[in-house]
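S.K.: Got a structure for you, questions after.
Just so it is clear, none of the values below were taken in a lab; they were calculated from the coordinates. Keep in mind that this is a model prediction, so the values were computed, not measured. Methodologically, a virtual Cβ is constructed for each residue, glycine included, from the backbone with ideal geometry; neighbour enumeration extends over all protein chains shown.
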Amino acid sequence: MAYLELEGFYWKLWLAGKGREISSAPVGIVKAGRLLDFSRPAPPEWRVGMPWSQARAGAPGAQRVEWAAIRHLPMEEFWKACSEVDPAVESFRPHSAFLGLGCHRKGEEVVARLAELVVPRLGHHLWAGLARGKFAARAVLLAYRGGAGEDRGISRKSSHTIVRLPEERQEEFLHELPLEWVWFLDEREKEILRRLGIFRLGEILAMDPVERRFWLGKRAEFFKALAEGIDPLPLRITYPPSRWERECEFDPPATSLVPLRARLEEWATSLASFLDEEGKGCRRLLLEAWGGEGRNWVAMREFSAPRGGCGMLRVVLAGLLEKMGVGAPVAGMRLRADCLEGRSADQLALWGTGHPRAGRRVPEDPSTLHPRLRRGVRATRRERLLEFWDPCRKRRVIS
Amino acid sequence: MYVPLHVHSPFSFLDGAASLRDLMERAAHCNCPAIALTDHNNLCGAVAFRREAERWGLKPLLGCEIDLEGGHHLVLLAMDEEGYANLCRLLTRAHLDSPRRQPRLRPEHLQGATEGLLALSGCRKGEIPSRILSGDLRGALEAARRYQSAFPGRFYLELEGCYLPGTRRLNDALWELAKFLRLPAVMTTNVHYAFPSQFPVHDILTCVRTLSRVDDVHPERKINAENYLKSPREMAELAREYPGVLQRTVEVAQRCQPLPVLGRLLTPHFPLPEGMGAEQMLRQLVYAGAREKYGRVTEKVRRRLERELEIICRLGYQEYFLVVWDLVRFARRKGIRHAGRGSAADSLVAYCLGITEVDALARGLLFERFLSLERAQKPDIDVDFDARYRDEVIRYAREKYGADRVAGVCTYNTFRARSAIRDLGKALGFPPQEIDRLAKRFSYVEADMIEEAVRRLPELRNGGLPLERYELLFELCSQVAGFPRHLGTHLGGIVIGPEPLEGVVPLQMAAKGITVCQFDKDYVEEVGLIKLDLLSLRTLSAVEDAVVAIRERHPQFDYQQIPLDDRETFRMINRGETVGVFQLESPAQRALQVRLGASDLEDIVASVALIRPGPIKGNMVEPFLARRHGRQEPRYLLPELEPILRKTYGVVLFQEQVIEIATTVAGFTPGEADRLRRAMTHHRSPEEMEELGRLFVEKARRRGVPEETAAAVFSHIKGYASYGFCEAHAAAFATTAFKTAYLLRHYPAEFFAALLSNQPMGYYPPRTLCVEAKRRGVRVLGPCVNRSGSRCQVEGRSVRLSLGYVRGVGPRTVQRILSCRPEGGFSSLEEFWRLTGVDGEAVPNLILCGAFDALDPHRRRLLRRWSILRSGGGREGEPWWREEVDGFRGPDFTPWEKICWEQEIVGIPLTDHFMACLRPRLACEGAVTAAEVQRCQPGQRVRVAGLPVRPHRPPTRSGRTVAFFTLEDETGLLEVTVFERNYHRYGHLLFGPQLLPLMVVGRVKKQGSRNFLVAEHLYALVPSGRRKSSC
Amino acid sequence: MSKLLRVPVKVREGDNGPVGFYWRGRLRLVARVLERWLDAGRWWEGETEKEFFRVQVREGGVYELYRDRAGTWVLYRVFD
């Protein structure tokens, strides 16, 4: 299992969007007041995660780019590249992913090949953590980049750096792993554990099981397994994506539903054509809108079977918009369709005229065919019902 | 001409697809002289059938199709009264001697019990036809001989006319058999519906009954739509090859008399002392009671009592009254609180016997409303008992009169929109979650009003439902509207008969192990039995608890002696502060009280009667208030109306007044007046009211009343048609209402403790009651392991919740804790655990809701301690655990977390109110509290946030939809009104599946002395994940 | 042996059902109408009622035919 991070992804993305306008001043991509990414070359003290104020203090002429400015850009290029070197890709952040590496013996080769693809096109350095499982792969990379790892097992090249966690060291590593690198724990859980005096993953093992269950709830077993070195997380192949998302902002904020409706119509058409191409349907639609003063509206619709079709989506989205009950000026709206699954043939027959697979009837379920089949008579519903009533056909008395 | 002898009505429970009315109409249209009713294993529809058949000029033949052991069917028809009694007995045996819901008649039951009964060989499930079809002709012959000897001269072979495969063969065989055995033969079509177009309904109901889907194949599914009531021509066509079968059906009809016998009187027998007659004993008891109530029996009292006693004895109800008196006496002896209600309060005899608390003489209530010589109305006495002990009273009745003479009364659970959509939707193959979601939207809608509801109600329109898919479903639902789905038990209704009941009405076993009659409360009276309603009322339990608590500090307190003119109580009522008071709790009532300014009990009686759909829709409220306050002069359309309506300022409030108006103005006979009263109390008789209206106007005209005036008078009455109170009922309720208000005013702590001990009851949830209590200065303290008892109790000026409120702490656990609790209380968690051994989730729940706060207010630390204790902690070799425990320095839960835990575990936030925690954020947004709204100026625009309580949509006189709800925050309650337009926009927030805290923006309006809010915008306060607003 | 056919056929009608029908090139005359029944079918999908006849022809074979609302005759089943 490999965990990969591409440094400089967002910057390159922004660059691509801006064209060839490169100034000499360093550029920092800022999200929530902290540095998400920055240009190269950059001031040496700049680190990802550093507060912008601090960063700017060190480099007065630095340019700030808000996350909002690049958020709408398509961010799947990295994952696409990953999927070209390995079929099992689980996307994590736009600039990071997990690779299954199932059929490869040498993870280093795969990473090297990927680095050729993405550096310098999409980013300027590829970092990789290799370990037995997902958790360890990411943890080892985070720990190394956070300064907590040693130099053993590191392979450094110009375009990529690989941090490998050998099998025999895995358990020890996990035991000693400080809680800040245990990226499954959320802040609250970390806090609780700290209060209990637990600072390393291995100490969770030493906890009393009842207590562990009490404080960590259902995840207690999960963490215990992790601490023992068993990674219970499977790789979920999420790329190519099973989700379709669109977002838009309204400036000035929309005060009536008209622009919202228009946007939803566009999205319905776009989603329908996307689904048709993929031969898929979506099982869940989530519509979110937000306004000023922290106002938020959400509406969701789930389907019992995958759905698609432009007409139907339009109706459903209009219904979702009504259901949301927007009551104030809307500054932005987002639509997400997920749980995409293939549609079976007879659903396709229900709507949409142009689809090539429409109109094909599903044959009757063979398991319902009666033993009479042996005698050459197909057991239709009519025949089965007549068996109860017609004395000539009867196999059993009505009782 | 022919007579349909094998007919199923909707009382065949999910097997009949046409209403009795449709069937009778169709039969009349086909010129049938008579028609039979043969439902499956019951006679539920017997009374309704007889009435409906006679209305259409048909002779009713009563019978039923019984399941025999072995699975075959047999159709029985009762020829005379003895036959009817035998039929009832057979059905009772079939039900009671077999597992519940699987009645089976055994051959030994039939022996000696077939006098007066006719038998038909049945549909294809009858023994003879099924043997023939399976080729067992010898078996069919033997069976025919058996039936012939069991029903000598009264057994008929039944040919089928349904165009099924095998009909020809079957009919031919039966015809041969008839000739061979010299048995008479008839032809039927096994009628399950009136018209072929009703077949889809029948098919769907079959699916519901067999729990299958419409696509599935099941032997019960009929393959064609031929089970309808055919025309004589069609029958003639079918019977062409079998001469005489139709004529025989007419002969059968001639052999039977109309059944069941109606209009008899079967009063219970009361065991009288030696040498004393019933009347004598009744008289003795009544006068003894009168002396007790009045001190001295005045002439007025005597005259009234004599009149009542004469009517009672002439009608033959002396023993009935004795029975009721005896039950009430039993309750009194046992200390079970009780209160009579309903029209019995019209009777002074009932008052003197201690059955009711209302002095009919003083209030001028007419005895004739309850019992009169002219009307054929049976007395109906309802008594409320303390909910905890009502079953004990019923058990006493069974023991005293014999378990075979006492039975419950059933109800017919009918299809309403929700159940229809669920059942039929499932049968049509819709996925269960979809059906569930759809059904939840139709909470209070009748099945035939679905389409209209979809048009009118916003939460359905805007619910995001693709309504086109459901066209067929809604269509079918509207057709099954009102059909009985299954038999349920009437809560509290019992009948006591003079003889074993199984000869009068068929009995079957109900869910709780008691026997019930197959007739409901109305039908049971039509066959002559008298019903008694022994109801349970939690209010009485609460009153009992309160009185016991009050007596601890004021030993001479007597609930019966509460003055009914206490000024302070009236002041409190007039301020609308009646949350917790019986009958006066709802927002509508409180709003009314504020405007009414009640000053004596009569006003309370009027209020109880005013806030009902009848007076509201009939446009009575405003005129009443205006005239009561002297702002308007009562106008009487006719001089005759004045004495009747004077008491209520010219406004029709009580059912008695309607009866009186009908009698005085239009000269209705007592029978017609009774019909009017019945039409008024049953929701679904708009046609009946129309007809009565015409009759009224006609008769009034003949007495010289101008037509428009008569029509105007009747329109006043008609608006009343849904649900008005009878005065006695209102008076009975008003007394209890006032007394509970008195308790609330003078002993609030005890009263709230009692209310909280007896939840669920009343209008508001316990959470809201606590807010109100706090507003009155009574704090509600959370459960405490050292202080709480098994019920909520008074502690100083506060109320201490009982341990039973904690989730996971059941009655046994409570007992254990209480019995193990040492004198000074538990001193530590360890001691608690050691002494009680309570385990499981009870202890963490107790800790989290603060029950251990007296031992250690740091809940988190206690939790740690508990988990260590449970794991046997403090072991050797782990010294660092103990340090951690005792030296645990971490912070405790935040108030918000505490409240969330308390709400989850106890249902009441104890540390503080939800809204109190949000108050800083809400104040940033400019929201005011409910209490502050009371100080605002009318017309001011405010924002208030709170938890919505009990949203509802009562019918209004304008017919437009208005929604009301109460907004609760930490300072109190605020009433909010949402008018139609906004209701359509935000209704889904109020009535959707989930209630969230809301922010309401609206204008302040004044009503009386209180402000309320008219909402303009509503938002749900969803915790915003995206933007955390910080002030 | 029996076979489900469901082929439309031309039928000569009498008062009580078919008198004869054409199948496999020959006219088969009905000797007796053995059974006659109605079948409602899948009414929830809009299927209409069909009238079924089980007939014995002069040559001895037994056939089942039905006539739907529109008057079309269909040979449903053959019992050899």
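S.K.: Among A:Phe303, A:Ala115, A:Ser91, pick out the residue whose Cα is farthest towards the positive end of the charge dipole of the protein assembly as shown, where Lys and Arg carry +1 and Asp and Glu carry -1 on C-beta, about the Cα centre.
M.R.: It is A:Ala115, whose Cα lies furthest towards the positive end.
S.K.: Something else now. Could you state the number of Å between the C-alpha centres of region B:324-400 and region B:501-549?
M.R.: Rounded to whole Å, the Cα centres lie 14 Å apart.
S.K.: A:Arg213 to A:Leu117: FRET efficiency via 1/(1 + (r/R0)^6), r the Cβ-Cβ distance, R0 51 Å, to the nearest 0.05? Can you show the working numbers first?
M.R.: Numbers: r = 46 Å, r/R0 = 0.89.
Step by step, r from the Cβ atoms, then E = 0.65.
S.K.: Also, quick follow-up: Dipole of the protein assembly as shown (Lys/Arg Cβ +1, Asp/Glu Cβ -1, origin at the Cα centre): which of B:Gln815, A:Gln170, B:Gly354 lies farthest to the positive side?
M.R.: Toward the positive end, the furthest listed residue is A:Gln170.
S.K.: Oh, and also: Could you give the length gained on full extension between B:Thr664 and B:Leu211, defined as 0.36 nm per residue of separation minus the Cα-Cα distance, in nm? Please list the in-between numbers first.
M.R.: Details: separation 453, 0.36 × 453 = 163.08 nm, distance 5.53 nm.
Result for the pair: 157.6 nm of gain on full extension.
S.K.: If you place +1 on the Cβ of every Lys and Arg and -1 on the Cβ of every Asp and Glu, how big does the dipole about the Cα centre of the protein assembly as shown come out, in debye to the nearest 20? Can you show the working numbers first?
M.R.: Details: 225 positive and 192 negative charges, 372 e Å.
So the dipole magnitude of the protein assembly as shown works out to roughly 1780 debye.
S.K.: For the pair C:Val7 and B:Arg469, what calculated FRET efficiency results from E = 1/(1 + (r/R0)^6), where r is the Cβ-Cβ distance and R0 = 22 Å, to the nearest 0.05?
M.R.: Working: r = 35 Å, r/R0 = 1.60.
With R0 = 22 Å, the Cβ-Cβ based efficiency is 0.05.
S.K.: Filter the cross-link list B:Lys774/B:Lys898; B:Lys334/B:Lys774; B:Lys222/B:Lys521; A:Lys18/A:Lys134; B:Lys334/B:Lys512; A:Lys18/A:Lys106 down to pairs whose alpha-carbon distance in this structure exceeds 27 Å. Kindly include the intermediate steps, with their values, before the conclusion.
M.R.: Values: B:Lys774/B:Lys898 19 Å; B:Lys334/B:Lys774 35 Å; B:Lys222/B:Lys521 34 Å; A:Lys18/A:Lys134 35 Å; B:Lys334/B:Lys512 24 Å; A:Lys18/A:Lys106 38 Å.
Pairs exceeding the cut-off: B:Lys334/B:Lys774; B:Lys222/B:Lys521; A:Lys18/A:Lys134; A:Lys18/A:Lys106.
S.K.: Additional query: For helix B:748-757, what angle does its Cα long axis make with the longest principal axis of chain B, in degrees from 0 to 90 and rounded to 10?
M.R.: 50 degrees
S.K.: Listing C:Arg42, A:Arg156 from the residue with the fewest other Cβ atoms within 10 Å to the one with the most, what is the order?
M.R.: So the ranking, lowest neighbour count to highest, is A:Arg156, C:Arg42.
S.K.: What are the aspartates and glutamates whose alpha-carbon lies under 17 Å from the alpha-carbon of A:Lys31, with same-chain residues fewer than 8 places away excluded?
M.R.: Within the straight-line cut-off, A:Lys31 pairs with A:Glu7, A:Glu66.
S.K.: Enumerate by residue number the GluC sites (Glu not before Pro) in region B:819-871 meeting two conditions: DSSP loop (anything except H, G, I, E, B), and at most 10 other Cβ atoms within 10 Å of the site's Cβ. Don't skip to the end; give the middle numbers.
M.R.: On the way: sites: B:Glu823, B:Glu830, B:Glu831, B:Glu841; in loops: B:Glu823, B:Glu841.
Counting only loop positions with at most 10 other Cβ atoms within 10 Å, the GluC sites (Glu not before Pro) in region B:819-871 are B:Glu823.
S.K.: Can you tell me the length gained on complete extension of the stretch B:Asn31 to B:Asp856, counting 0.36 nm per residue apart and subtracting the Cα distance? Write out the running numbers ahead of the final one.
M.R.: Values: separation 825, 0.36 × 825 = 297.00 nm, distance 8.57 nm.
288.4 nm is the gain from fully extending B:Asn31 to B:Asp856.
S.K.: Taking the Cα-to-Cβ direction at B:Glu568 and at B:Leu835 and moving 7 Å from each Cα, how far apart do the two end points lie in nm?
M.R.: 3.9 nm
S.K.: Something else: Between B:Arg169 and B:Arg870, what is 0.36 nm times their sequence separation minus the Cα-Cα distance? Round to one decimal in nm.
M.R.: Working: separation 701, 0.36 × 701 = 252.36 nm, distance 7.75 nm.
Here the answer is 244.6 nm.
S.K.: Name the long-range amide H neighbours of A:Asp37: under 5 Å, sequence gap of 5 or more, or other chain; modelled H, no Pro or chain starts.
M.R.: Here the answer is A:Ile29, since their amide H atoms fall under 5 Å of that of A:Asp37.
S.K.: Name the long-range amide H neighbours of B:Val809: under 5 Å, sequence gap of 5 or more, or other chain; modelled H, no Pro or chain starts.
M.R.: Result for B:Val809 returns nothing.
S.K.: Shifting gears a bit: Based only on other Cβ atoms within 10 Å, what is the fewest-to-most ordering of B:Thr206, B:Thr188, A:Thr269?
M.R.: A:Thr269, B:Thr206, B:Thr188
S.K.: Let me ask you something else. Does anyone have the angle between helix B:980-991 and the longest principal axis of chain B? Alpha-carbon axes, 0 to 90°, nearest 10?
M.R.: Relative to chain B, helix B:980-991 is tipped by roughly 90 degrees.
S.K.: Place a +1 charge on the Cβ of each Lys and Arg in chain B and a -1 charge on the Cβ of each Asp and Glu, then give the dipole magnitude about the Cα centre in debye, rounded to the nearest 20. Walk me through the numbers on the way to the answer.
M.R.: Numbers: 144 positive and 127 negative charges, 494 e Å.
Dipole of chain B, to the nearest 20 debye: 2380 debye.
S.K.: Can you find, among B:Tyr147, B:Val186, B:Ala225, the residue farthest towards the positive end of the dipole of region B:139-255? Put +1 on the C-beta of Lys and Arg, -1 on that of Asp and Glu.
M.R.: Checked the options; the winner is B:Tyr147.
S.K.: Same structure again: Note the angle between two axes, namely the Cα long axis of helix B:601-610 and the longest principal axis of the Cα atoms of chain B, as a number of degrees from 0 to 90, rounded to the nearest 10.
M.R.: Computed tilt is about 60 degrees.
S.K.: From the helices alone, meaning DSSP H stretches of at least four residues, give me the mean residue ellipticity at 222 nm for chain B, per-run term -39500 (n - 2.57), in deg cm²/dmol to the nearest 500. If you can, show how the numbers build up before the last one.
M.R.: Values: 45 runs with 463 residues, N = 1031.
Roughly -13500 deg cm²/dmol at 222 nm, from the helical runs in chain B.
S.K.: Label region C:30-71 by shape, choosing from rounded, prolate and oblate, from the square roots a ≥ b ≥ c of the eigenvalues of the Cα gyration tensor; if a/c is under 1.5 it is rounded, and otherwise prolate applies when a/b is larger than b/c, oblate when it is not. Write out the running numbers ahead of the final one.
M.R.: Details: a/c = 3.61, a/b = 3.02, b/c = 1.19.
Prolate.
S.K.: Taking 56 Å as R0, compute the FRET efficiency from the Cβ-Cβ separation of A:Ala225 and B:Glu69 and round it to 0.05.
M.R.: Values: r = 60 Å, r/R0 = 1.07.
Calculated transfer efficiency: 0.40.
S.K.: If you place +1 on the Cβ of every Lys and Arg, -1 on the Cβ of every Asp and Glu, and leave all else neutral, what size is the dipole of region B:193-298 about its Cα centre, to the nearest 20 Debye? Can you show the working numbers first?
M.R.: Numbers: 14 positive and 12 negative charges, 113 e Å.
Roughly 540 debye for region B:193-298.
S.K.: Now for a different question. At 7 Å along the Cα-to-beta-carbon direction for both A:Glu176 and B:Gln556, put a label point, then send me their distance in nm to one decimal.
M.R.: 8.6 nm
S.K.: With a point put 7 Å past each Cα toward its Cβ, work out how far B:Leu96 is from B:Ser599 in nm, to one decimal.
M.R.: A separation of 6.0 nm, rounded to one decimal place.
S.K.: As a test of the definition: which semi-axes, in Å, follow for the protein assembly as shown when you take the square root of five times each eigenvalue of its alpha carbon gyration tensor? Largest first, please. Let's see the in-between values first.
M.R.: Numbers: eigenvalues 855, 544, 211 Å².
Largest first, the protein assembly as shown gives 65, 52, 32 Å.
S.K.: Can you spot the lysines whose alpha carbon is less than 25 Å from B:Lys300's alpha carbon? Ignore those fewer than 8 places along the same chain.
M.R.: B:Lys647
S.K.: So the label point goes 7 Å from the Cα of B:Ala288 along Cα→C-beta, right? Which residues of region B:343-361 then have their backbone N under 20 Å from it?
M.R.: Once the point is set 7 Å along Cα→Cβ of B:Ala288, B:348-357 turn out to lie under 20 Å by backbone N, inside region B:343-361.
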